[in-house]
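The values are calculated or read from the model by the stated rules, or taken from the named source; none is laboratory data. Every value quoted in this text rests on a predicted model; they were computed, and no experiment measured them. Cβ placement follows ideal geometry from the backbone for every residue including glycine, while neighbour counts extend to all protein chains displayed. Accessible surface is based on the protein model in full, side chains and every heavy atom, while ligands, DNA and RNA are left aside. Shrake-Rupley method; radii C 1.70, N 1.55, O 1.52, S 1.80 Å.
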Amino acid sequence: MSSTFDFPYEIDTIRADFPILHQDHHAGVPLVFLDNAASSQKPTAVIEAMNTYYRTIHANVHRGIHKLSEAATAAYEDARKKVQKFIHAKSRREIIFTRGTTEGINLVAQTWGRANLQPGDVVISTVMEHHSNIVPWQILAAEKGFTLKYLPVLPDGTLDLEQYTRWLRDENVKLVTVMHASNVLGTVNPVAKMAQMAHDAGALILVDGAQSVPHLPVDVQSLDCDFLVFSGHKMAAPTGIGVLYGKRDLLEAMPPWLGGGDMISRVTLEGSTWNELPYKFEAGTPAIAEVIGLGAAVDYLSALSMEKIHAHEQAITRYALERLAEVPNVTVYGQSSERGAVAAFTVKNIHAHDVAQLLDAEGVAVRAGHHCAMPLHDFLAIPATARASFYLYNTPQEVDIFIAALYKAQKTFAL
Ligand code: 7TS
């Protein structure tokens, strides 16, 4: 079946770019990496960009007037322009480097949220969110006294947009904070439509792009989102680096979060004034090598084209879902017609952790657990799922190995 598969690019060449994919997982058992929603693997171009930086131009940025510091600063700021272009932001000043999605959401909560939310206000999150888009708002709500509401999920794994309409009409909604694509259900939420509805009601929208920016073309101007957050490590870039995009007027009006070097204009013992954007939100020495690695990842993905990556992942996911449907006693969660490259599932009478362990013995790396989405698993009334998640380098042959391992796992448990 997998022999009829159409690749939008030369898959063997692409796979050759990722050194980690070519090792045995156990002696004689090749690695089949299907845990990409947790973190993707890195191509040589990204590893080498960081290596070259450390070997040839490392120095601190934005301070020295010596040649190395100028070269490091140029490389760092060049990466910012690459990210700006990648998500179609109007200005490089709208690109703030963070440690990742989690930090981006906390930054918005602690700056925009702390300055603007008060008792009587409503923030809408959703039942399907990752904990990073729930907990920062719970912490702030306890302090500021606003109301946090969670948009329900319908049985097909999509959001209840009728409830959304009602809340926007009837409640004093100040912010909608929603994931673009679910890390469990795969659902791709209609965030452009949700943004328009939020704006019509006078609310802002934050989009968690952790599971969308790595996988499909994302244009912040056509989505018209107020904030977008994502993590480098899920999109072929290093760990420890992520992005907060914000509309310039909002970022200008927001107070800073972390105080320290680089984020100030002038400091006296009586008080301080803030640096211009984006530096106001980048206190201290940043993750310079990781930013340069992110720039290289953006180059890599762009050269391949996000449209092609998306097309490939759609095909792989469709194939995996078809093959999973053949396996008896397997339930897959989420039936949205718009879905990303994840398949979370349970196997009757086998705990998700045991499924993952048995697959691991066959070389297949998947994640098991609640995937940092406990409220969603409560809604699904299951303690845990196993999850296969795909990226640009996965092949239908790998899906076949995964499915064969799943049959073997069931056989092992039946004994
Ligand atoms: N939002 C979504 C939708 C995510 O999937 C994740 C990570 C995060 C936020 C947090 O990203 P971080 O880089 O700040 O940690 N999701 C997962 C996952 O599904 N398995 O491991 C991490």
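Quick notes
- Residues in the range 209-217 include at least one that is of a type outside the set (Val, Ile, Thr), more than 16 Å from the ligand (Cβ to nearest atom), open to solvent by 10 Å² or more (accessible area, probe 1.4 Å) and at pLDDT 95 or above.
The rows are residues; the columns are (1) away from the ligand (no atom under 16 Å from the Cβ); (2) in the same structural domain as Val220 (by TED's automatic domain parsing); (3) assigned to a loop (DSSP other than H, G, I, E, B).
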{"position": "Arg15", "(1), (2), (3)": "yes, no, no"}
{"position": "Ser39", "(1), (2), (3)": "no, no, yes"}
{"position": "Ile65", "(1), (2), (3)": "yes, yes, yes"}
{"position": "Arg80", "(1), (2), (3)": "yes, yes, no"}
{"position": "Val83", "(1), (2), (3)": "no, yes, no"}
{"position": "Ala109", "(1), (2), (3)": "no, yes, no"}
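- Of the criteria (1) at pLDDT below 95; (2) buried (at least 17 other Cβ atoms within 10 Å of the Cβ), which one Leu21 fails: (1)
- Out of Gly246, Gly261, sole residue that is open to solvent by less than 70 Å² (accessible area, probe 1.4 Å), assigned by TED's automatic domain parsing to the domain that holds Ile96 and out of contact with any strand residue (DSSP E or B) (no Cβ under 6 Å at 6 or more places or on another chain): Gly261
- Filter result for the condition that a residue is open to solvent by less than 70 Å² (accessible area, probe 1.4 Å), more than 26 Å from Pro214 (Cβ to Cβ) and touching a residue at least 12 places away in the same chain (Cβ under 8 Å), over Val61, Val122, Val108, Val83: Val122
- Condition check for Phe146 on (1) open to solvent by 20 Å² or more (accessible area, probe 1.4 Å); (2) over 19 Å from Leu244 (Cβ atoms): one failure, at (1).
- Of all the listed residues (Arg387, Arg318, Arg323, Arg367), the sole one being within 15 Å of the ligand (Cβ to nearest atom), open to solvent by 10 Å² or more (accessible area, probe 1.4 Å) and at pLDDT 95 or above is Arg367.
- Flag if Val178 is within 16 Å of the ligand (Cβ to nearest atom), aliphatic (A, V, I, L, M) and assigned to a strand (DSSP E or B): yes
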